[in-house]
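Input: a single structure, listed below in structure tokens.
The values are calculated or read from the model by the stated rules, or taken from the named source; none is laboratory data. Remember, it's a predicted structure, so these values are computed and weren't measured experimentally. Here the Cβ is made from the backbone with ideal geometry for all residues, glycine too, and neighbour counts use every protein chain on show. All accessible areas refer to the heavy atoms of the entire protein, side chains included, with ligands and DNA or RNA removed. Shrake-Rupley method; radii C 1.70, N 1.55, O 1.52, S 1.80 Å.
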Number of protein chains: 2
Amino acid sequence: MRIEDLETPSALIDFDRFERNATRMADRATELGVRLRPHVKTHKCAEAARIQSQGHFGGITVSTLAEARGFAAAGFGDITYAVPVAPQKLAEVVEINSRIDRLSVLVDHMVTISAIEETARSHAIVLPVWLKIDCGLHRAGVDPESELALALATRLSNSGHIDFRGVLTHAGQSYDASNRTEALASARDECEVTHTFVKRLAKAGVEVPETSIGSTPTISAARNLDGIGEVRPGNYAFFDVFQAAIGSCTLDDIAFSVLATVVSVHPEEQRAVIDAGALALSKDPGPTHIDPDCGYGRIVAVEDQHPLPGLRITSISQEHGEIDGPGTAALRPGTRLRILPNHSCLSAACFDSYRVVRGTEIIDEWRPFRGW
Amino acid sequence: MRIEDLETPSALIDFDRFERNATRMADRATELGVRLRPHVKTHKCAEAARIQSQGHFGGITVSTLAEARGFAAAGFGDITYAVPVAPQKLAEVVEINSRIDRLSVLVDHMVTISAIEETARSHAIVLPVWLKIDCGLHRAGVDPESELALALATRLSNSGHIDFRGVLTHAGQSYDASNRTEALASARDECEVTHTFVKRLAKAGVEVPETSIGSTPTISAARNLDGIGEVRPGNYAFFDVFQAAIGSCTLDDIAFSVLATVVSVHPEEQRAVIDAGALALSKDPGPTHIDPDCGYGRIVAVEDQHPLPGLRITSISQEHGEIDGPGTAALRPGTRLRILPNHSCLSAACFDSYRVVRGTEIIDEWRPFRGW
């Protein structure tokens, strides 16, 4: 079966690009002397995670308990659920944790620690827990300079029902970078904030078993990760237009794309419509801080992903992608196009299956662990 | 089972609000003297479409062939697939059309008409086809003042392999309205452009069997639809923050919401995080043309959807919704919140099932026909 036989929209993974991205990051982690715990939320499928883990210890990071369930069943034994855990989810965490080596959770609040201790006590078990600290993103995570941070770490370290895994952070602000140099600054934030906090804890007599940082932009840019234990990049498996814009990769590295069909063309008005809209590409606006006119993804040739000039996705609604530009003159209803999405994680999550391709040949089909 | 027993994020349909919205629109169509062919892409489930169709002829509008397959199997006999059809999809159109009274498709290009004629001829059948005209959205649809529009209509009308259903348009520009008065102007566009084109065709000897217009904003605002055959609003089943902003409904009419749990709170920085992000709420920016600070949905109380002041969803990533505001002082990890999404169609499409609720009691579970 070949790409031209597929229904549209379809999600495509270019296997050779994916494997190259996976190998490069694995090698990079090895060179930097850190353990690689890839964040698998980008694709949510076991086949991809196995390739990403080659040469490393096999641990992964997930964003939902649906992923944790799926990857646990697929044989992954060391999983970190990297969104602060809701107390209501602890029963399921206990259940999954009991089936594998370790499902670790994140906390940044005393209420959650209390809930974890209570749950662990009632099951007469010990649950593995990371302390999430904020290194500048100001999303989740406790301010590492606060008294609260010290109190949380002390409590985790001293708890008889908690296996304190260590300190974890994520410099998501690296997505605001305009280039690799700015991403490097975020990487330094991750490292320095972590080091400073670990030293502060040491002074207070709290030993930190492990440190975990991560994001594709920061690990792509980092030059030195001395003293850091593990990294959790995820998007690099596929990359996307956003990562290319901020310098994490080139457009040619992008391994995920959406196959679409032209369904309407009005070349006299330089407009056309494809059958991939907000439910296939997501409504992620892309790197507008670098290119306000980036549109909703980059249009490339079906056979080899070479960029097609003169075509821009100006607007998307549920099932329509609107294209304008002089390149519309070459389109007809039925013309196939391939779209490199702005944000491959969100685009991939729209699909129940991915077609794995080598060139234009379909060589496999992978299914993600969707939902929650 | 009650809302408090649900995992999060969960998709909720408030049954009473949904039924009220459905009844109002059905009554409105009856009063305006038009047939109601609801666009079911908003929810994609048969239970909802049956309620929306009550008192009308039972025809529906869909946005994908997956919906067409699902609704056909669920007993819906008259379906319009309201995205211009890709030539490659015609084999499946023929198959679905053979199982029900009619699966109609849209065209706006000669290439597509040729493909339909060829397909119909090879199967020795007649396929039902609408001509899509552009009434100002400039997405799909032929310019009704062009020579091409006349040529397309003439060819459809004369074809021995096409059952020419009529002229169809969609004033999607109504979503740019800031209020009901502006939406009313778009409604007039839909009607006037359609009437003018039908008259032009009549002069040329082309009879138009039917006319179809539609969108929730325009039908909500319209005062007179004389001469129009059918309407295709869809979003009104659920409504959302966007429709409330442009005056199609009130916030209290919104029947779809997402249940979320607070997982991180840092009240000293007035920030919190919920476990509903871009994959539960979509990344639709909402009515920013009216309120640039609208955020990614409105936070309301779980039990009765009353607005919770002082809380704003400022940013969303894959599985994190970031909240700021003084209202965060009242939150704890584990606090449940309900989110009225900016765009209910895109948010609903993220879920494999919806919990139907009356008050806080779960009374049913509906499953959408997802994918393509």
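Counting only residues that are more than 10 Å from every other protein chain (Cβ to nearest Cβ) and open to solvent by less than 20 Å² (accessible area, probe 1.4 Å), how many does the range A:59-76 have?
Step one: list which residues in the range A:59-76 are more than 10 Å from every other protein chain (Cβ to nearest Cβ), which gives A:59-61, A:68-76.
So of that shortlist, the ones also open to solvent by less than 20 Å² (accessible area, probe 1.4 Å) come out as A:59-61, A:68, A:70-72, A:76.
Number satisfying all stated conditions: 8.
Would you mind stating whether A:Glu319 is open to solvent by less than 20 Å² (accessible area, probe 1.4 Å), within 13 Å of another protein chain (Cβ to nearest Cβ) and closer than 30 Å to B:Ala82 by Cα? Before the answer, list the steps.
On the way: open to solvent by less than 20 Å² (accessible area, probe 1.4 Å): yes; within 13 Å of another protein chain (Cβ to nearest Cβ): yes; closer than 30 Å to B:Ala82 by Cα: yes.
Considered against the rule, which asks whether it is open to solvent by less than 20 Å² (accessible area, probe 1.4 Å), within 13 Å of another protein chain (Cβ to nearest Cβ) and closer than 30 Å to B:Ala82 by Cα, A:Glu319 comes out as yes.
Against the condition within 21 Å of A:Ser53 (Cβ to Cβ), in contact with a Ser or Thr (Cβ under 6 Å, 6 or more places away or on another chain) and within 14 Å of chain B (Cβ to nearest Cβ), how does A:Gly166 come out, does it pass?
Working: within 21 Å of A:Ser53 (Cβ to Cβ): yes; in contact with a Ser or Thr (Cβ under 6 Å, 6 or more places away or on another chain): yes; within 14 Å of chain B (Cβ to nearest Cβ): no.
Against the criterion (within 21 Å of A:Ser53 (Cβ to Cβ), in contact with a Ser or Thr (Cβ under 6 Å, 6 or more places away or on another chain) and within 14 Å of chain B (Cβ to nearest Cβ)), A:Gly166 does not qualify.
Identify, please: which residue in the range B:89-108 is among the β-branched types (Val, Ile, Thr) and open to solvent by less than 10 Å² (accessible area, probe 1.4 Å) and is, among those, nearest to the other protein chains (Cβ to nearest Cβ)? Full working, then the answer.
Here is the first cut: in the range B:89-108, the ones among the β-branched types (Val, Ile, Thr) are B:93-94, B:96, B:100, B:105, B:107.
Next, only the ones that are open to solvent by less than 10 Å² (accessible area, probe 1.4 Å) stay: B:93, B:96, B:105, B:107.
Values: B:Val93: 12, B:Ile96: 14, B:Val105: 10, B:Val107: 8 Å.
That would be B:Val107.
If you go through the range A:10-32 one residue at a time, do you hit one that is without any contact (Cβ under 8 Å) to a residue 12 or more places away in the chain and within 30 Å of B:Ala86 (Cα to Cα)?
No, the conditions are met nowhere in the range A:10-32.
Which pairs turn up if I take residues in the range B:222-248 that are at negative phi and look for partners that are modelled with pLDDT under 95 and basic (Lys, Arg) with beta carbon separation below 6 Å, at least 6 apart in sequence or on another chain?
Close Cβ pairs (under 6 Å, with a partner that is modelled with pLDDT under 95 and basic (Lys, Arg)) do not exist here.
Identify, from the list A:Arg102, A:Arg180, A:Arg139, A:Arg121, the residue that is of a type in the set (D, E, K, R) and touching a Pro at 6+ places or on another chain (Cβ under 7 Å).
Working: A:Arg180 fails: touching a Pro at 6+ places or on another chain (Cβ under 7 Å); A:Arg139 fails: touching a Pro at 6+ places or on another chain (Cβ under 7 Å); A:Arg121 fails: touching a Pro at 6+ places or on another chain (Cβ under 7 Å).
That would be A:Arg102, the only listed residue that is of a type in the set (D, E, K, R) and touching a Pro at 6+ places or on another chain (Cβ under 7 Å).
Residues are listed down the side, and each one gets a yes or a no for (1) over 28 Å from A:Ala278 (Cα atoms); (2) open to solvent by 10 Å² or more (accessible area, probe 1.4 Å); (3) without any contact (Cβ under 8 Å) to a residue 40 or more places away in the chain:
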position	(1), (2), (3)
B:Ser257	no, no, no
B:Glu268	yes, yes, yes
B:Pro285	no, yes, no
B:Arg312	no, yes, yes
B:Thr335	yes, yes, no
B:Pro341	no, no, no
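Among the listed residues A:Ala115, A:Ala86, identify the single one that is at the interface with chain B (Cβ under 8 Å from one of its Cβ atoms), crowded, with 16+ Cβ neighbours inside 10 Å, out of contact with any Leu (no Cβ under 8 Å at 6 or more places or on another chain) and more than 30 Å from A:Glu192 (Cβ to Cβ). Steps first, answer last, please.
Details: A:Ala115 fails: out of contact with any Leu (no Cβ under 8 Å at 6 or more places or on another chain).
When all the criteria are applied, what remains is A:Ala86.
Would you please name the residue that is most open to solvent (accessible area, probe 1.4 Å), looking only at residues in the range B:351-366 that are farther than 16 Å from B:Arg50 by Cβ and among the charged types (D, E, K, R)?
Restricting attention to the range B:351-366, the residues satisfying the condition of being farther than 16 Å from B:Arg50 by Cβ are B:351-353, B:355, B:357-362.
Within this subset, residues satisfying the condition of being among the charged types (D, E, K, R) are B:352, B:355, B:358, B:361.
Values: B:Asp352: 73, B:Arg355: 33, B:Arg358: 111, B:Glu361: 90 Å².
Here the residue is B:Arg358.
Which one of these is within 14 Å of chain B (Cβ to nearest Cβ), under 30 Å from A:Gly327 (Cβ atoms), buried (at least 19 other Cβ atoms within 10 Å of the Cβ) and in contact with a helix residue (DSSP H, G or I) (Cβ under 9 Å, 6 or more places away or on another chain): A:Val241, A:Val263?
On the way: A:Val241 fails: within 14 Å of chain B (Cβ to nearest Cβ).
Sole residue among the options that is within 14 Å of chain B (Cβ to nearest Cβ), under 30 Å from A:Gly327 (Cβ atoms), buried (at least 19 other Cβ atoms within 10 Å of the Cβ) and in contact with a helix residue (DSSP H, G or I) (Cβ under 9 Å, 6 or more places away or on another chain): A:Val263.
Could you figure out which of (1) in contact (Cβ under 8 Å) with a residue 12 or more places away in the chain; (2) closer than 24 Å to B:Ala86 by Cβ; (3) surrounded by fewer than 23 Cβ atoms within 10 Å (Cβ to Cβ) isn't true of A:Tyr296?
(3)
Might you let me know whether the range B:107-128 holds any residue that is at pLDDT 95 or above, under 22 Å from the mean Cα position of the chain (by Cα) and either part of a helix (DSSP H, G or I) or hydroxyl-bearing (Ser, Thr, Tyr) (or both)?
No, the conditions are met nowhere in the range B:107-128.
Please enumerate the residues belonging to the range B:253-284 that are part of a helix (DSSP H, G or I) and either under 22 Å from the mean Cα position of the chain (by Cα) or charged (D, E, K, R) (or both).
Initial filter on the range B:253-284 (part of a helix (DSSP H, G or I)): B:253, B:267-269, B:278-281.
Within the range B:253-284, B:Asp253, B:Glu268, B:Glu269, B:Ala278, B:Leu279, B:Ala280, B:Leu281 meet the criteria.
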